[in-house]
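One structure is given here, and the rest of the page talks about it.
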Amino acid sequence: MPPASSARTSTRQPAAHGESPGVALYQQVKDHIARKIQDGSWKAGDRLPSENELVLQFGISRMTVNRALRELTEQGRIVRVAGVGSFVAEGKPQSTLLQIANLASEIRARGHDYRCQVLSVERVAASMEVAAALDLRTGESVFHALCVHLEDGVPVQLEDRYVNPRIVPDFIEQDFAQLQPSEFLVRNVPYDQMEHVVDAVLPTREQAQLLEMEPTQPCLLLMRRTWSRGTPVTLVRCLHPASRYRLGCRIRADGNPVFG
């Protein structure tokens, strides 16, 4: 009787899956699963074949299959539940970088519930960084608002905003239970310039607590500044758990954004 390893090797059928023999075995499994998700054969929430089924299907080791599933999990393509199985992950919401997105509208357009928790709105002394960003003197009075945005009860953004009181003197007097700070600003303060900078960061312990995540998990930090007639209006840091959100855009060859 041939050894078990020979029997297992003989059952591999990469050609049946359209795989190239030169591709690493774990990558073949990843590509197979990714294609099924991409072409709609497996939809969000669908259960994937078990590790044992994939071992038999590809004729490879359980360790190799496990690596493929682990990397797909790290990339946010699938979710693994101990003792239950692996499932196709919900697609991450995506927000554009080329305009000021209305987060509430985006979430509701997906048929999900939107909620904004306004944690604080106060007048504070501008730090050196904030003063430089808003073209103010260090220690000069600025407005500060801190909000958490939730999709179906899950935090997807921590908004940390500073507003120039010279441009928006009545900001602190608003009822933000009715209209969130970003919506108020877009409706009432026309801007003619905008700057976006995106970084990958780890949240502070306090930020992680507000976003209901582990402080060891990465976040996307979108920093935005807007100007009106050459004067800075607002500086905002939007922190997104990377596993729940993504930022992106589509542009034409001439550099103009594509909407709709």
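Points to keep in mind about this one:
- Residue ID - most open to solvent (accessible area, probe 1.4 Å), chosen from residues in region 178-203 that are assigned to a loop (DSSP other than H, G, I, E, B), farther than 30 Å from GLN217 by Cα and of a type in the set (A, V, I, L, M, F, W, C): LEU179
- Selected residue [of a type in the set (D, E, K, R), more than 25 Å from GLU206 (Cβ to Cβ) and in contact with an Asp or Glu (Cβ under 6 Å, 6 or more places away or on another chain)] from ASP113, ASP135, ASP152, ASP175: ASP113
- Of the candidates LEU146, LEU185, LEU150, LEU136, the single residue that is touching a strand residue (DSSP E or B) at 6+ places or on another chain (Cβ under 9 Å) and modelled with pLDDT of 95 or more is LEU146.
- Restricting region 129-160 to residues that are more than 29 Å from the chain's Cα centre (by Cα) and not in a strand (DSSP E or B), the residue that is surrounded by the most Cβ atoms within 10 Å (Cβ to Cβ) is LEU136.
- Filter result for GLN217 (open to solvent by 70 Å² or more (accessible area, probe 1.4 Å), at pLDDT 90 or above and in a helix (DSSP H, G or I)): no
- Restricting attention to region 46-91 and to residues that are at pLDDT below 90 and touching a Phe, Trp or Tyr at 6+ places or on another chain (Cβ under 6 Å), the residue that is farthest from GLU106 (Cα to Cα) turns out to be VAL79.
The values are calculated or read from the model by the stated rules, or taken from the named source; none is laboratory data. Just so we're clear, the structure is a prediction, and the values are computed from it rather than from any experiment. Counting neighbours? That spans all protein chains shown, and the Cβs are built from the backbone with ideal geometry, glycine included. We work out accessible area using only protein heavy atoms, side chains counted, and drop any ligands, DNA or RNA first. Shrake-Rupley method; radii C 1.70, N 1.55, O 1.52, S 1.80 Å.
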